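For reference, the structure is listed below as structure tokens.
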Amino acid sequence: MTSPHTIAVLGLGRMGETIATRLAAQGWDVVGWTRSGHTSGTVSTTGDPKGAVAKADLVLLALFDGPACRQVLDDVRDSLRAGATVLNTSTVAPAEAAALARHIGPAYIHAPVLGSVPAAAAGALQILAAADREALDRVRPVLAALGTVRPVDDASTAAALKLIANHSLAGAVLALRDSLRQADALGLPRAQVLDVLELGQLGGLVARKRPFLTDRPGVGTAEFTIGALAKDMSLLAAASQTPLRGAAGPADSEADIAVAATAPAAADAVLEPLRAYIRGHATGDPAHFRDAFLPTAHIEGIRGGAFVSWTLDEYCALFLGRPAPDEPARSRRIDTLDVHGTVATATMTLSHGPDTFTDVFLLVRADDSWRIANKAYHRHP
């Protein structure tokens, strides 16, 4: 099989430009194009994607999403050379990958990559390649220059595996965020915390992203942005129809994903109604519950085998203004809190004598203050 001599790289974002630069340094004739008009400082660029692919043996896509891939391929398809191969490294939905494979045919290789800009620059990507054997053999030298090829049965599976890999990365970022928040709450020095985290399961992520994680993070170029990861997680949730763990908290979509790990914990304002709720249980004074809940709130759960839905007045009537006799032995803790703009969700565990309760809250921000809109509970006898 003849290896490609001329490669058109369509999409010169962070990864596209790095891939184009790597291939040019390995001796291929590379021409780049991007919809934004961005010009590369290291490879030849053109403003005409049709002209670029007309000269190319291999057309490599490094675009943001599935619709961009389909639009660009539709624009250039009539200009593809006979025998040219299309290699798509973009992260798209499984159904989109399958549709692109059908659209282009045997000359299409779906090859999303694991690894970010540094791995691409070093030729250390992990490449999930799904293709006809002949097409894959034809571009194998190009793929070998970028990293390690891991053959996958079909385009849909390759796309799905890439989303799963990025989901694990999102989980690691959230775990790191939670660890840093707990460390801040304990008053631990950030540098010392990062030193210790580098020794554990998050060590690789912390070592790579440390410039973004310090008390005074340096200005660094994003390798993989929060916006791109959020896009991938949306694709995964839609494809799997399975809920994902929330990544609450606003963040700059163009920032590196590590910046999401430094998002501060929720402000005291959103915690105050939960603390008022705790004070109500600790004192037995229903006035604290009226501070915590909206007047329209309902408290719902299973009591005595039957579903109950109390109004706030009915709930407050259960409390007589004095603590429970065993109050010193009781405990309550806020387990989770996720804020989404003007709404938030929280869970709490209450250990009350022989019973443990899991309380789930919906909170809203209105008139510049937070209140509990509704509560549901589960009793663990």
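P4 passes every criterion in (1) part of a helix (DSSP H, G or I); (2) more than 29 Å from the chain's Cα centre (by Cα); (3) surrounded by 16 or more Cβ atoms within 10 Å (Cβ to Cβ) apart from (1). Pairing each residue of the stretch 225-241 that is more than 10 Å from T91 (Cα to Cα) and without any contact (Cβ under 8 Å) to a residue 60 or more places away in the chain with any residue that is assigned to a helix (DSSP H, G or I) and among the small types (G, A, S), provided the two are 6+ apart or on different chains, yields C-beta distances under 7 Å for I226/A260. Selection over the stretch 18-33 of residues that are in a helix (DSSP H, G or I) and touching a strand residue (DSSP E or B) at 6+ places or on another chain (Cβ under 7 Å) gives a count of 4. Under the condition of being of a type in the set (V, I, T) and more than 24 Å from the chain's Cα centre (by Cα), the residues counted in the stretch 305-353 number 4.
Annotation: of all residues in the stretch 153-180 being among the charged types (D, E, K, R) and within 24 Å of V206 (Cα to Cα), the one that is most open to solvent (accessible area, probe 1.4 Å) is D178.
Only a single item in (1) in contact with a Leu (Cβ under 7 Å, 6 or more places away or on another chain); (2) farther than 23 Å from T225 by Cβ; (3) surrounded by fewer than 16 Cβ atoms within 10 Å (Cβ to Cβ) is not met by H38, and it is number (2).
Only one of the listed residues (A99, A120) is free of Cβ contacts under 8 Å to residues at least 40 places away in the same chain, more than 20 Å from the chain's Cα centre (by Cα) and in a helix (DSSP H, G or I). That residue is A99.
Looking at V92, V59, can you tell me which residue is at pLDDT 95 or above, crowded, with 23+ Cβ neighbours inside 10 Å, of a type outside the set (D, E, K, R) and touching a strand residue (DSSP E or B) at 6+ places or on another chain (Cβ under 8 Å)?
V59
Looking at A62, A82, A56 in this structure, which one is without any contact (Cβ under 8 Å) to a residue 12 or more places away in the chain and either of a type in the set (D, E, K, R) or closer than 23 Å to W28 by Cα (or both)?
Criteria check complete, one pass: A82.
Counted as qualifying within the stretch 266-381 are the helices (runs of 4 or more DSSP H) with 1 or more residues that are more than 30 Å from R181 (Cβ to Cβ), namely 286-292, 312-316.
The values are calculated or read from the model by the stated rules, or taken from the named source; none is laboratory data. Computed from a predicted model, the values in this text were never measured in an experiment. So basically every Cβ, Gly included, is an ideal-geometry build from the backbone, and we count neighbours across all protein chains shown. Areas reflect the complete protein model, heavy atoms only, side chains present, ligands, DNA and RNA absent. Shrake-Rupley method; radii C 1.70, N 1.55, O 1.52, S 1.80 Å.
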